[in-house]
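Remarks on the structure that follows.
The values are calculated or read from the model by the stated rules, or taken from the named source; none is laboratory data. Computed from a predicted structure; not experimentally measured. All Cβ positions, glycine included, derive from the backbone under ideal geometry; neighbour counts span all protein chains shown.
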């Protein structure tokens, strides 16, 4: 009887060992068929979707306003239904509003301009008419929210300069002139310095305008 029991245990152990070896030889399934390398390709594919002519419209959900003319966000699935939702979550896009230059942070009316842009677009979906990328990797784009041209809105309130060096929009030039004539926003100070000049100033020169 003892011999039979020992034999039965030995056979059971042998069977388990064979099963484990067989299972170890089976190919382990990957998480998804194309998961390897997908994460690294997503950012590139979304950036590729953005590339195009000035007439291309892309929709973005604004997640953060950086200053009075720059913000960041992620692709909005409702506006861009063909965009992979995983890519949407992974890809952060920084946008600089085309045609305007708002006061820098620390500059007179810089904080006011930032707060106003936050009020206009923060947490909202905006439409972008893309132009190009700048030297910092930001997308230059005319920006719309619910049909309103955000660059025009900033100029209208006297919270940005028309960046004539890179943009010849006559409407923008007119809006800047009207705000200046009315003394709105930054135009209430005769010493208002354009941001492109402010950026070239030393700390001591800037202190004279604070």
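Here are the numbers:
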read-out	value
Only one of 144, 136 that is under 20 Å from the mean Cα position of the chain (by Cα) and in a loop (DSSP other than H, G, I, E, B)	136
Given (1) more than 17 Å from residue 107 (Cβ to Cβ); (2) at pLDDT below 95; (3) surrounded by 18 or more Cβ atoms within 10 Å (Cβ to Cβ), index of the condition residue 198 fails	(1)
Any hit, the stretch 158-170, residues being surrounded by fewer than 19 Cβ atoms within 10 Å (Cβ to Cβ) and modelled with pLDDT of 95 or more	yes
Residue in the stretch 124-131 that is modelled with pLDDT of 95 or more, touching a strand residue (DSSP E or B) at 6+ places or on another chain (Cβ under 9 Å), part of a loop (DSSP other than H, G, I, E, B) and surrounded by fewer than 17 Cβ atoms within 10 Å (Cβ to Cβ) present	yes
Residue match in the stretch 50-62 (condition: under 19 Å from residue 146 (Cβ atoms) and either part of a loop (DSSP other than H, G, I, E, B) or modelled with pLDDT of 95 or more (or both))	yes
Residues that are free of Cβ contacts under 8 Å to residues at least 60 places away in the same chain and buried (at least 18 other Cβ atoms within 10 Å of the Cβ), drawn from the stretch 58-70	65, 67
Looking only at the stretch 91-123, and only at residues there that are loosely packed, with under 15 Cβ neighbours inside 10 Å and at pLDDT below 90, the one that is farthest from residue 177 (Cα to Cα)	92
Residue identified as part of a loop (DSSP other than H, G, I, E, B) and either surrounded by 15 or more Cβ atoms within 10 Å (Cβ to Cβ) or touching a residue at least 40 places away in the same chain (Cβ under 8 Å) (or both) among 192, 152	192
